[in-house]
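Enquirer: Structure incoming, see below.
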Amino acid sequence: MNLNDKRAVGGIAAAVLVAAVGGFSVARCSNDSPKADVAAKPEPEPAAPDTLSMTATAVTAAGIETETVSAGGLGAEIIATATVAPSPGGEALVTARAGGAVTRIFKRIGDPVRVGETLAIVESRDAAGIVAERSTANAKLVLAQKALARERFLYKERVSAKVELERAEAEAAAAEAELRRAQAAASAAGVTGDGRGVVVRSPISGRVSAESVTLGAFVQPEAELFRVSDASRIQVEAAIPAADAQRVASGDRAIVELPDGRTVDATVRSVTTALNGETRTATAVLDVPGGLQPGLAVRVRLKPQRGAMTSAIVLPEDSVQTVDGRDKVFVRTGSGFRAVAVTLGRRSAGRVEIVSGLKPGQQVATKNAFLLKAELSKGSGEEE
């Protein structure tokens with residue numbers, strides 16, 4: 001083999017060695033790359049098919065109401081119709097203390113008023129008579145006090161007898177009492193400063209809820225002119241069936257169901273012992289937070305402590321939805337809702353017993369629960 005042949009063989013061997021090293025490097029890189037990709041981008045775990053993610057803002061915007069469940073059963077509840085009414089100090093009938101013509105009106109229905117604020121002014125002859133009596137009583141007191149001062153001087157100088165001094169003291173005391181009576185009458189009537197009329201003032205703070213006065217009209221004494229209500233001082237009066245009246249007692253818990261689907265917690269303050277002659281029902285008075293409109297008709301669910309307690313949980317029928325052929329309710333979670341399968345029991349007055357599937361203390365969607373069912377079904381359809 002000559003020199004040229006040796007050089008050719010050496011070049012071929014070097015090329016084969018370079019190709020082998022390069023192939024090993026490429027294979028190494030290709031084997032390591034997928035492992036790096038898998039470690040950098042793990043596949044997300046699929047969400048549970050019975051859960052819904054929903055923020056608190058979205059829940060409020062959808063009008064979904066929740067209720068905290070508790071054990072008791074239908075036997076522990078008393079369903080009754082009720083009416084929101086003002087408490088004894090929450091409504092005032094405002095009258096004119098004297099008859100006359102209405103000369104000024106300062107408030108109308110719906111206007112806010114403060115305690116002692118003027119609602120109207122009535123020009124009255126009676127007011128003039130009250131002022132005259134007050135002036136007369138004041139003049140008699142001045143005269144009696146002068147006579148008493150004179151008798152005291154004469155008695156001190158031994159000119160007048162003690163009996164005369166005692167008579168002057170009695171007359172001065174009577175005149176003073178008469179003046180106090182006249183002043184009290186003028187204050188109670190609300191006589192204006194010029195003595196020509198009386199001021200009609202509100203005895204409580206609130207809003208004008210009724211008005212029966214016209215400018216220029218003549219009103220009789222003690223006639224109702226305005227009605228003022230304080231929405232923060234209200235109560236709920238529930239009609240309890242005679243068969244259940246003995247079970248209700250002060251301190252029992254109750255839930256007031258409003259026409260718009262909202263619920264308000266309440267407490268029984270008192271129960272009448274006698275039945276209404278027309279309806280044959282007892283009246284339970286419930287303490288509730290302010291803000292409800294007097295005259296509003298509501299439904300009350302009372303939970304007497306003497307009720308037939310069971311382990312069953314009672315919910316509105318609307319809270320139970322059929323999902324995948326099963327009865328389920330939507331339990332509130334930290335991130336939304338979770339559909340939970342339940343077993344139903346008895347039904348009564350739009351309420352249903354949950355025999356199993358729920359625990360006391362859980363929050364369950366009640367109003368507009370069907371929206372959650374629709375959203376859950378939508379998500380299941382998209383996943384398929």
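The values are calculated or read from the model by the stated rules, or taken from the named source; none is laboratory data. The model shown is predicted, which means the values in this text are computed figures rather than measured ones. Glycine also receives a Cβ, built like all others from the backbone with ideal geometry; neighbour counts cover every protein chain displayed. Only protein heavy atoms, including side chains, enter the accessible area calculation; ligands, DNA and RNA are left aside. Shrake-Rupley method; radii C 1.70, N 1.55, O 1.52, S 1.80 Å.
Enquirer: Going residue by residue through the range 263-270, is there one that turns out to be in contact with a Lys or Arg (Cβ under 6 Å, 6 or more places away or on another chain) and within 23 Å of GLY295 (Cα to Cα)?
Expert: For the range 263-270, residues in contact with a Lys or Arg (Cβ under 6 Å, 6 or more places away or on another chain) and within 23 Å of GLY295 (Cα to Cα): absent.
Enquirer: When the range 66-103 is examined, which residues are found to be within 26 Å of ALA239 (Cβ to Cβ), modelled with pLDDT of 85 or more and assigned to a loop (DSSP other than H, G, I, E, B)?
Expert: SER87, PRO88, GLY89, GLY90
Enquirer: For ALA85, all conditions in the list (1) closer than 20 Å to ALA188 by Cβ; (2) out of contact with any helix residue (DSSP H, G or I) (no Cβ under 6 Å at 6 or more places or on another chain) hold save one; what is the number of the exception?
Expert: Checking ALA85 against (1) closer than 20 Å to ALA188 by Cβ; (2) out of contact with any helix residue (DSSP H, G or I) (no Cβ under 6 Å at 6 or more places or on another chain), the one that fails is (1).
Enquirer: On the basis of being over 29 Å from the mean Cα position of the chain (by Cα) and open to solvent by 10 Å² or more (accessible area, probe 1.4 Å), does GLY350 make the cut?
Expert: no
Enquirer: What strands (runs of 3 or more DSSP E) completely inside the range 229-331 contain at least 1 residues that are charged (D, E, K, R) and buried (at least 19 other Cβ atoms within 10 Å of the Cβ)?
Expert: Correct list: 297-303.
Enquirer: Within the set of pairs 6 or more residues apart or between chains, which connect a residue that is more than 30 Å from ALA147 (Cβ to Cβ) inside the range 170-197 to a residue that is of a type in the set (Asp, Glu) and at pLDDT 85 or above with Cβ atoms less than 9 Å apart?
Expert: From the range 170-197, the pairs are THR192/GLU123; ARG196/GLU123; GLY197/GLU123.
Enquirer: If you don't mind, there's one more thing I want to ask. Is it true that ILE121 is within 30 Å of VAL355 (Cα to Cα), crowded, with 17+ Cβ neighbours inside 10 Å, in contact (Cβ under 8 Å) with a residue 24 or more places away in the chain and not charged (D, E, K, R)?
Expert: So ILE121 does not fit the description; no.
Enquirer: Hey, PRO221 hits all of (1) open to solvent by 20 Å² or more (accessible area, probe 1.4 Å); (2) under 21 Å from PHE106 (Cβ atoms); (3) at pLDDT 90 or above; (4) in contact with a Lys or Arg (Cβ under 8 Å, 6 or more places away or on another chain) but one; which does it fall short on?
Expert: (3)
Enquirer: Listed residues PRO112, PRO86; which is surrounded by 15 or more Cβ atoms within 10 Å (Cβ to Cβ), under 32 Å from the mean Cα position of the chain (by Cα), closer than 30 Å to PRO289 by Cα and touching a residue at least 12 places away in the same chain (Cβ under 8 Å)?
Expert: On the way: PRO112 fails: surrounded by 15 or more Cβ atoms within 10 Å (Cβ to Cβ).
Going through PRO112, PRO86 in turn, the sole match is PRO86.
Enquirer: So which pairs qualify, if the first residue must be in the range 134-151 and touching a residue at least 24 places away in the same chain (Cβ under 8 Å), the second must be surrounded by fewer than 20 Cβ atoms within 10 Å (Cβ to Cβ) and of a type outside the set (A, V, I, L, M, F, W, C), the Cβ gap must be under 7 Å, and the two must be at least 6 apart or on different chains?
Expert: ARG134/GLN183; ALA137/GLU178; LYS140/GLU178; LEU141/GLU176; ALA144/GLU171; ALA147/GLU171; LEU148/GLU169
Enquirer: Anything in the range 353-370 that is open to solvent by 70 Å² or more (accessible area, probe 1.4 Å) and not charged (D, E, K, R)? List them, or say none.
Expert: Once the filter is applied, which keeps residues that are open to solvent by 70 Å² or more (accessible area, probe 1.4 Å) and not charged (D, E, K, R), the range 353-370 yields VAL355, PRO360, GLN363, PHE370.
Enquirer: Let me ask something else. Could you tell me whether the range 133-140 includes any residue that is in a loop (DSSP other than H, G, I, E, B), within 22 Å of GLY193 (Cβ to Cβ) and of a type in the set (Gly, Ala, Ser)?
Expert: no
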